[in-house]
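Student: So that we are looking at the same thing, I have put the structure below in structure tokens.
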Amino acid sequence: MNVSPEFIEAFRPLGVWIAAALTLGIYSILWKENYYYRVCEHIFVGATSAYLVVTSYANTIKPAIEVDMIEKGMWWQIIAIALGCMIYFQPFAQFRWLSRFPIALWIGFNAGFAGLTMRTIMPMIVSVRATMLPLVVFTNGTFDLLRSFNNTVFVLSTTMTLLYFFFSFEKLASAPGVLKVCRWVMMLSFGVGFGNTVMNRITLVMGRFSFLFSDWLGLI
Amino acid sequence: MRENVRKLLYMDKRIVYLLMALAIAIPMFMPLGLPVRIPKSAQDFYDEIEKLNERDIVWIAAEINPANQAEFEPAIKAIFRHCLSKNLRIAVAAFYPQGANLAATWSADLVAEFGAVYGVDYINLGPRPSTSQDSIMDNARRDIIDAYSDRDNYGNPLSSYQIMADLQKASDVSLAVIFTQGSPGCAEYIANWQSTGDLMHMITVAAAVQIPVENPRYQAGMLQGMLGGMTGGAAYEKLIGHLGSATKGLDSQGLGHLLIVVLLIVGNACYFILKNLDEKAKTEAGGRS
């Protein structure tokens, strides 16, 4: 479904006010649990689901029927549609067995598609190859201390992390200090992940603040 | 003193929220002008686009949603500006339901500024459900029009557009720019297009939360460049010489981070001081009895 730009422009102020009210409603949970937040949360979930349904119909199902089945005559695609519909028998105990066919087909297809090709193996090989770095690096004939240090840390960290999950030789992993170092290496990488997550969350808030101060209130 | 330290350690979390809101909001009104550093990954990202020839096709995988607007909008705008100024052609596709429309909305001003013609200079293939990403990408390796059922984002026949004459299959794309915040993202493009040898050149714009996942792929050479979060967006804006909202947002981000670091230090200091005071009190009580 296409909406004309003129229509969108005419209703923009109303849209901005609704968006601002919903944003404030969602943030009201920071003060305490309240009905306003619950209403906004339900609107959010409902609107997202509705958007997904409309998009799926307009961009996938409709072209598949109009173009593939009617124009190109690929009528057999009706089998795929029928299989897809069978998944909706899940909630009905009496007919639940019907929903198992599309699920089995779907899992089988994905397992075969991923397992029988180089698609999953190739990235792994490239990743493993990238960990095999020289510990002593020469750049233009001179010893590169920084890159050598980086590579050493990289190789040691990879080895330590793998060692932590290597249970074949119990004595190796339980040697004094080894497990501790392995754990430290992993804790450091979790710290990096946590820092990046915080950065992401701050950015999300900034996006909303920018909307409130700029689009809604026109202060900046 | 013990009571004061305890109060500080267990302060109402709403005070933390308020402080964070202030830390983010104040720089929006009073910019600090923090310097923008250009990391190697951002330079590589820029260089990959610079290497392309006129009229080459750039595939933008807009795996984005509205929540990530602050991170991805500046990058989308900067990439469109860079590509259109170099006379490159752009194809937008997405597996996230809102991705294609968000990319179209955020790039509308730039398309108008450069006078780019839809169907000639750029095209929007629209979103497809992420549940069928592998089959669509596999089909698109050989026939993009067929994979997208000959319909663009607006329901018009893809085959009627001039750009599609040069965009028949994945190998016709010169460079893929993948926006990623999870799955589908780089992993799917690498598995379906790079591992098969159809498209080797891929760069990514990763949400901050996704940086630790994409960085190993960048280091391994699967991705030739990477913009990480808003910081990466700001670096890219500097590289193309057109500062935008990512550069402005860095101040808020910096102050927000500083507040978290301060709170972490204060929290830990209070914890140890309180522990020390409690132990002292216990020893004194034991001595008296």
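Student: Nearest 20 debye, what's the magnitude of the dipole of chain B about its Cα centre given +1 on Lys and Arg Cβ and -1 on Asp and Glu Cβ?
Tutor: Details: 25 positive and 30 negative charges, 296 e Å.
That gives chain B a dipole magnitude of about 1420 debye.
Student: What are the ³J(HN,Hα) values, in whole Hz, obtained from phi via the Karplus relation 6.51 cos²θ - 1.76 cosθ + 1.60 with θ = phi - 60°, for each residue of the range A:131-141 in sequence order, with x given for Gly and Pro?
Tutor: Along the range A:131-141, the couplings run 8, 8, 10, x, 7, 10, 10, 10, 10, 6, x Hz.
Student: Largest first and in whole Å, give the semi-axes of the range B:162-289's equivalent ellipsoid, each being the square root of 5 times a Cα gyration tensor eigenvalue.
Tutor: Details: eigenvalues 521, 77, 17 Å².
Result for the range B:162-289: semi-axes of 51, 20, 9 Å.
Student: Have a look at the range B:84-226 and give its Rg and Dmax from the Cα atoms, expressed in angstrom.
Tutor: Spelled out, the Cα radius of gyration and Dmax of the range B:84-226 are 14.7, 42 Å.
Student: Would you compute, from DSSP H runs of 4+ residues alone, the mean residue ellipticity of chain A at 222 nm, taking -39500 (n - 2.57) per run and dividing by the full residue count, rounded to the nearest 500? Can you show the working numbers first?
Tutor: Details: 9 runs with 141 residues, N = 220.
Calculated mean residue ellipticity at 222 nm is -21000 deg cm²/dmol.
Student: Something else now. Quick one: longest stretch of chain B between exposed loop chymotrypsin sites (Phe, Trp or Tyr not before Pro), exposed meaning at most 16 other C-beta atoms within 10 Å and loop per DSSP? Can you show the working numbers first?
Tutor: Working: sites that count: B:TYR10, B:TYR154.
In chain B, the maximal stretch lacking such sites is B:11-153.
Student: Can you give the alpha-carbon Rg of the protein assembly as shown over 2.2 N^0.38 Å, where N counts its residues? List each step's numbers first, then the result.
Tutor: Details: Rg = 26.5 Å, N = 509, 2.2 N^0.38 = 23.5 Å.
Rounded to two decimals, the normalised Rg is 1.13.
Student: Would you mind checking the range B:7-26 for residues with the amide N under 15 Å from a putative spin-label position 7 Å along Cα→C-beta of B:GLU279?
Tutor: Taking a point 7 Å out along Cα→Cβ of B:GLU279, no residue of the range B:7-26 has its backbone N under 15 Å.
Student: DSSP loop (so not H, G, I, E, B), at most 11 other Cβ within 10 Å: list which chymotrypsin sites (Phe, Trp or Tyr not before Pro) in the range A:119-220 pass both filters.
Tutor: Details: sites: A:PHE138, A:PHE143, A:PHE149, A:PHE154, A:TYR164, A:PHE165, A:PHE166, A:PHE167, A:PHE169, A:TRP184, A:PHE190, A:PHE194, A:PHE209, A:PHE211, A:PHE213, A:TRP216; in loops: A:PHE165, A:PHE166, A:PHE167, A:PHE169.
Sparse-neighbourhood loop chymotrypsin sites (Phe, Trp or Tyr not before Pro): A:PHE165, A:PHE167, A:PHE169.
Student: Moving to a separate point now. Report the rotationally averaged projected area of the range A:74-189 based on its alpha-carbon convex hull, in square nanometres.
Tutor: It is 15.1 nm².
Student: Here's a follow-up. Would you mind checking the tilt of helix A:121-130 against the longest principal axis of the Cα atoms of chain A, expressed as 0 to 90 degrees and rounded to 10?
Tutor: The answer is roughly 40 degrees.
Student: Same structure, new question: Give me the net charge for the shell around B:GLN168: Cβ to Cβ below 11 angstrom, other residues only, Lys and Arg +1, Asp and Glu -1. Please report the intermediate quantities before stating the final value.
Tutor: On the way: positive: B:ARG141, B:ARG142, B:LYS169; negative: B:ASP143, B:ASP146, B:ASP166, B:ASP172.
Taking every Cβ under 11 Å from that of B:GLN168, the sum is -1.
Student: Still on this structure, I have one more. Taking amide H positions as placed in the peptide plane 1.01 Å from N, state which residues far from A:ARG119 in sequence (5 or more) or on other chains have amide H under 5 Å from it.
Tutor: none
Student: On to the next question. Take the alpha-carbon positions of chain A, form their convex hull, and give its projected area averaged over all directions (one quarter of the hull surface) in nm². Mind dumping the intermediate values first?
Tutor: Values: hull surface 102.0 nm².
Averaged projected area of chain A's Cα convex hull equals 25.5 nm².
Student: Out of A:ALA130, A:ALA82, A:THR48, whose Cα points farthest toward the positive end of the dipole of the range A:1-147 (charges: +1 Lys, Arg; -1 Asp, Glu; placed on Cβ)?
Tutor: A:ALA130
Student: Using DSSP to define loop residues, name the GluC sites (Glu not before Pro) in the range A:1-84 whose beta-carbon has at most 16 other beta-carbon atoms within 10 Å. Can you show the working numbers first?
Tutor: Working: sites: A:GLU6, A:GLU9, A:GLU33, A:GLU41, A:GLU66, A:GLU71; in loops: A:GLU33.
Here the sparse-neighbourhood loop sites are A:GLU33.
Student: While we're on this one: What does the charge add up to near B:HIS242, with Lys and Arg as +1, Asp and Glu as -1, over the other residues with Cβ less than 12 Å from its Cβ?
Tutor: Around B:HIS242, the surrounding residues sum to +1.
Student: What average count of beta carbons from other chains do you get within 10 Å of the Cβ of residues in A:191-201?
Tutor: Working: counts 0, 3, 4, 2, 5, 11, 6, 5, 13, 13, 4.
Across the residues of A:191-201, the mean count of other-chain Cβ atoms within 10 Å is 6.
Student: Name the residues whose placed amide hydrogens come within less than 5 Å of the amide hydrogen of B:GLY225, ignoring near sequence neighbours (fewer than 5 apart) on the same chain.
Tutor: Under 5 Å from the amide H of B:GLY225: B:THR204.
Student: Sticking with this structure for a sec: Report, as a whole number in µm² per second, the diffusion coefficient that Stokes-Einstein gives for the range A:1-64 at 37 °C and 0.692 mPa s using the Kirkwood radius over alpha carbon pairs. Don't jump to the answer; show the numbers that get you there.
Tutor: On the way: Rh = 13.9 Å.
D, rounded to a whole number, is 237 µm²/s.
Student: In a solvent-free Debye calculation with one equal scatterer on each Cα, what is log10 I(q)/I(0) for the range B:200-273 at q = 0.16 Å⁻¹, listed in the order of the q values?
Tutor: Treating every Cα as an identical point scatterer, log10 I(q)/I(0) equals -0.71.
Student: Counting only DSSP beta bridges with both residues in chain B, tell me the antiparallel percent, nearest 5.
Tutor: Taking every DSSP beta bridge with both residues in chain B, the antiparallel ones total about 5 percent.
Student: Once the Cα atoms of helix B:245-288 and of chain B are each reduced to a long axis, what angle between those two axes, in degrees from 0 to 90 to the nearest 10, is obtained?
Tutor: Helix B:245-288 sits roughly 30 degrees off the main axis of chain B.
Student: Okay, moving on. Can you tell me the 0 to 90 degree angle between the C-alpha axis of helix B:40-50 and the longest principal axis of chain B, rounded to 10?
Tutor: 20 degrees
Student: Calculate, in nm to one decimal, what A:TRP75 and A:PHE213 gain on full extension: separation in residues at 0.36 nm each, minus their alpha carbon distance.
Tutor: Values: separation 138, 0.36 × 138 = 49.68 nm, distance 5.35 nm.
44.3 nm is the gain from fully extending A:TRP75 to A:PHE213.
Student: Next up: How large, in percent, is the carbon and sulfur part of the accessible surface of the range A:127-169 at a probe radius of 1.4 Å?
Tutor: Of all accessible area on the range A:127-169, carbon and sulfur atoms account for 73 percent.
Student: With a point put 7 Å past each Cα toward its Cβ, work out how far A:ASN140 is from A:ALA111 in nm, to one decimal.
Tutor: 5.7 nm
Student: What number comes out for the charge environment of B:PHE45, summing +1 per Lys or Arg and -1 per Asp or Glu over other residues with Cβ under 13 Å away? Provide the component values of the computation, followed by the final result.
Tutor: On the way: positive: B:LYS40, B:LYS51, B:LYS238; negative: B:ASP44, B:ASP47, B:GLU48, B:GLU50, B:GLU214, B:GLU237.
In short, -3.
Student: Bin width 10 Å, origin at 0, all Cα-Cα pairs of the range B:8-127: what percent of pairs per bin?
Tutor: It works out to 11, 33, 28, 17, 8, 3, 0, in whole percents.
Student: Please give me, ordered by residue number, the GluC sites (Glu not before Pro) of the range B:45-81 that lie in loop per DSSP and have at most 11 other Cβ atoms within 10 Å. Numbers along the way, then the final one.
Tutor: Details: sites: B:GLU48, B:GLU50, B:GLU54, B:GLU63, B:GLU71; in loops: B:GLU54, B:GLU63.
Sparse-neighbourhood loop GluC sites (Glu not before Pro): B:GLU54.
Student: Dividing the Cα radius of gyration by the Kirkwood radius, what Rg/Rh value follows for chain B? Don't jump to the answer; show the numbers that get you there.
Tutor: Numbers: Rg = 24.3 Å, Rh = 21.1 Å.
Taking Rg over the Kirkwood Rh, I get 1.15.
The values are calculated or read from the model by the stated rules, or taken from the named source; none is laboratory data. Worth saying up front: this structure is predicted, and the values here are computed from it rather than measured. Virtual Cβ from ideal backbone geometry, glycine too; neighbours counted across all protein chains shown. To get the accessible areas, we keep the full protein, side chains included, count just its heavy atoms, and leave off ligands, DNA and RNA. Shrake-Rupley method; radii C 1.70, N 1.55, O 1.52, S 1.80 Å.
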